[in-house]
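Below is one structure, written out as structure tokens, with a few remarks after it.
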Amino acid sequence: METAAAPPASATIAMLLADARLPTGGHAHSAGVEPALLGGMPASDVPALIRGRAVTSSLVDAGTAVVARHLFATDVPVDAVVAAWAARTPSAALRESSRLLGRGYLRLARNVWAGHPAVVRCAELDAPPRPVVLGAIACAAGLDAEGLARLAIYDDAQSAAAALLKLEPTDPAVPVTWVLDACAAAEPHLAAVAALTDPAGIPSDGAPQSEGWAEAHAQLTRRLFRA
């Protein structure tokens, strides 16, 4: 009798979800870089933008994903998580962008982790945002809370760096340092974020300038990225 294959290691799941080649639609999003450049921010400020997001809006997504993971694992309704995330994401354009990304991740989840209770419950939500879907995937795949929080920070920073190479071509090796710096800036916050279980504790640090750029960007008819 054949024994069941062991599930992938948590680190493997994290690497899978951080892979830009994953068919989730992430290539169509610039993590705020295109809106910022079109809004007048010089390209030289992109490193600061990436680092700033890592300790503000990225922490909101990280905290949302961690709490969603916990609630999916304990069979508690996740509506409060969605509401907490929306309250901390005042830009309608950014909420829409996250929900579109969530749709891509949910499609992936329903193919790879089909039938898992967390994925089934997530699919029953009305257009769940990306961090909530990531929480469901983490629950289904066995990704721990700290790994999930790091993934959220890294993915946002790497998306921004990759987008810049299409908008302002430069040596591809240069933005790697920016991503590492952003992840290092968020590191002191990760233990607290990974310990979250209550939607009320999700970080609420905002980025008003980025939100304004996102709203203006959403009105454009000529753009390379959705947000």
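No value in this document is a laboratory result; all are computed from the given coordinates. Keep in mind that this is a model prediction, so the values were computed, not measured. FYI the Cβ positions are ideal-geometry reconstructions off the backbone, even for glycines, and counts take in every protein chain you see.
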Requested in this report: Taking A109 as the residue in question, decide whether it is under 29 Å from A182 (Cα atoms) and surrounded by fewer than 22 Cβ atoms within 10 Å (Cβ to Cβ).
Outcome: no
Report summary line: Within the range 103-134, the count of residues that are more than 14 Å from F72 (Cβ to Cβ) and assigned to a helix (DSSP H, G or I) comes to 8
Report summary line: Log entry, pairs with first residue in the range 91-116 being of a type in the set (D, E), second being in a loop (DSSP other than H, G, I, E, B), beta carbons closer than 7 Å, six or more apart or on different chains, reads none
Report task. Write out, first by first residue and then by second, each pair whose Cβ atoms fall under 8 Å of each other, whose residues are 6+ apart or on separate chains, and whose first residue, in the range 167-189, is in contact (Cβ under 8 Å) with a residue 12 or more places away in the chain while the second is assigned to a loop (DSSP other than H, G, I, E, B) and among the hydroxyl-bearing types (S, T, Y). Result -> L167/S30
Requested in this report: Give the number of residues within the range 62-98 that are of a type outside the set (A, V, I, L, M) and outside any helix (DSSP H, G or I).
Outcome: 7
**Report entry** Selection within the range 23-61 - part of a helix (DSSP H, G or I), within 14 Å of the chain's Cα centre (by Cα) and of a type in the set (S, T, N, Q)
**Finding:** S57, S58
Report task. Would you mention how many residues in the range 165-197 are crowded, with 19+ Cβ neighbours inside 10 Å and either among the polar types (S, T, N, Q) or not in a loop (DSSP other than H, G, I, E, B) (or both)? Result -> 9
Report task. Assess whether L151 counts as being in contact (Cβ under 8 Å) with a residue 60 or more places away in the chain, over 23 Å from E187 (Cβ atoms), part of a helix (DSSP H, G or I) and out of contact with any strand residue (DSSP E or B) (no Cβ under 7 Å at 6 or more places or on another chain). Result -> no
Report task. Scan the range 117-148 for residues that are over 20 Å from H29 (Cβ atoms) and either touching a Cys at 6+ places or on another chain (Cβ under 8 Å) or without any contact (Cβ under 8 Å) to a residue 24 or more places away in the chain (or both) and jot them down. Result -> A118, V119, V120, A123, E124, D126
